[in-house]
């Protein structure tokens, strides 16, 4: 019977497995850095395309602000890899995490506003707005600022 030819990936893995553990760790670190560099290059490219779209009036400035915020967050990203050298998790510093949470909250708020804006444009009566004096009691909580 003829031998099945190993794929290039399998051949590479065979070579890596014959390296010392230290060399394997160095190779994993090098691959991590290259993956991060490649992803950052993609993000930089996308930011340039978005900025050009803003300049040409095809996108809003807020898209660039969001992208810049995302770039700042990604600068602190560290990838954790599994035994096969594939990214398995992401680690970011606490300031980046808090910025990411703020960004997601802003995004959620914008989505909510976009969803109700057409209804609000109808005016208070057609939109089904409630009078504050009629619903205030439902919101009053003893000791809160709303109760004052």
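Would you mention how many residues in the stretch 78-94 are surrounded by fewer than 10 Cβ atoms within 10 Å (Cβ to Cβ) and farther than 19 Å from residue 16 by Cβ?
So the count comes out to 2.
Of the conditions (1) in contact with a helix residue (DSSP H, G or I) (Cβ under 8 Å, 6 or more places away or on another chain); (2) modelled with pLDDT of 75 or more, residue 64 clears all except one; give me its number.
Exception for residue 64: condition (2).
For the stretch 31-40, give me the residue count where each residue is touching a residue at least 24 places away in the same chain (Cβ under 8 Å) and within 13 Å of residue 77 (Cβ to Cβ).
Filtering the stretch 31-40 for residues touching a residue at least 24 places away in the same chain (Cβ under 8 Å) gives 31-32, 35-36, 39-40.
Retained after the next criterion (residues that are within 13 Å of residue 77 (Cβ to Cβ)): 32, 35-36, 39-40.
Adding up the residues that qualify gives 5.
How about the stretch 16-30: which of its residues are more than 15 Å from residue 77 (Cα to Cα) and surrounded by 10 or more Cβ atoms within 10 Å (Cβ to Cβ)? Show your work before the answer.
Filtering the stretch 16-30 down to residues more than 15 Å from residue 77 (Cα to Cα) leaves 16-28, 30.
Residues satisfying the conditions are 16, 19, 23, 24, 25, 26, 27, 28, 30.
The values are calculated or read from the model by the stated rules, or taken from the named source; none is laboratory data. Note that the structure is predicted; figures quoted are calculated from it, not measured. Because the Cβ atoms are built from the backbone with ideal geometry, glycine has one as well, and the counts that use them run over all protein chains shown.
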